[in-house]
1. Mind checking which residues of segment 33-47 are in contact with a Leu (Cβ under 8 Å, 6 or more places away or on another chain) and either within 17 Å of MET12 (Cα to Cα) or polar (S, T, N, Q) (or both)?
2. Report every pair of residues separated by at least 6 positions or lying on different chains whose Cβ atoms are under 8 Å apart, first residue within segment 34-49 and on the phi > 0 side of the Ramachandran plot and surrounded by 14 or more Cβ atoms within 10 Å (Cβ to Cβ), second assigned to a loop (DSSP other than H, G, I, E, B) and of a type in the set (S, T, N, Q).
3. Say we look at segment 22-62 and pick out the residues that are of a type in the set (A, V, I, L, M) and outside any strand (DSSP E or B); which of these is modelled with the highest pLDDT?
4. When only residues in segment 50-65 that are surrounded by fewer than 17 Cβ atoms within 10 Å (Cβ to Cβ) and small (Gly, Ala, Ser) count, which is nearest to MET12 (Cα to Cα)?
5. Which of the residues spanning segment 1-11 are of a type in the set (A, V, I, L, M, F, W, C), part of a loop (DSSP other than H, G, I, E, B) and more than 20 Å from LYS64 (Cα to Cα)?
6. Residues in segment 72-88: is at least one crowded, with 17+ Cβ neighbours inside 10 Å, at pLDDT 90 or above and part of a loop (DSSP other than H, G, I, E, B)?
7. Can you find a residue that is on the phi < 0 side of the Ramachandran plot, part of a loop (DSSP other than H, G, I, E, B) and touching a strand residue (DSSP E or B) at 6+ places or on another chain (Cβ under 6 Å) anywhere in segment 12-21?
8. Quick one: is PRO65 assigned to a strand (DSSP E or B) and in contact with a Cys (Cβ under 7 Å, 6 or more places away or on another chain)?
Amino acid sequence: MFKKVSAKLGNMRKPQEFIAMPMSGSQPLIMVQSDKSIGFFDYRTGEGKLNTQGCYFPHLSMAKPFRFSQEFVQACLEACPSLGGQTDLGGVMVNHTVQII
């Protein structure tokens, strides 16, 4: 359902496959999550937080400030589904209505 973005961020030894998801709220944020890491960033500035020691939502509270590269931000914007859009998965239409508050 989601396109993946491969990147080596922070102190990672190898690149990881991240999914990018829009976050609703007062700021334009994108959340990124892999099998081992989780983070979020403002797609206008690249400023955000990243935790490479855990990949679940509680790990966001322990995330450290991180500046995401412009190339990674652009790749996430291209991979990120629109918050009101739809995806056709083999004849099943999936509405992108999940909002993270």
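The values are calculated or read from the model by the stated rules, or taken from the named source; none is laboratory data. If you're wondering where the values come from, they're calculated on a predicted model, not measured in any experiment. Here the Cβ is made from the backbone with ideal geometry for all residues, glycine too, and neighbour counts use every protein chain on show.
1. SER37, ILE38, GLY39, PHE40
2. From residues that are on the phi > 0 side of the Ramachandran plot and surrounded by 14 or more Cβ atoms within 10 Å (Cβ to Cβ), the pairs are GLY46/SER69.
3. Taking the candidates together, the pick is MET62.
4. Here the answer is GLY54.
5. MET1, PHE2
6. Scanning segment 72-88 turns up no residue that is crowded, with 17+ Cβ neighbours inside 10 Å, at pLDDT 90 or above and part of a loop (DSSP other than H, G, I, E, B).
7. Scanning segment 12-21, I find at least one residue that is on the phi < 0 side of the Ramachandran plot, part of a loop (DSSP other than H, G, I, E, B) and touching a strand residue (DSSP E or B) at 6+ places or on another chain (Cβ under 6 Å), so the answer is yes.
8. For PRO65, the condition - assigned to a strand (DSSP E or B) and in contact with a Cys (Cβ under 7 Å, 6 or more places away or on another chain) - is not met.
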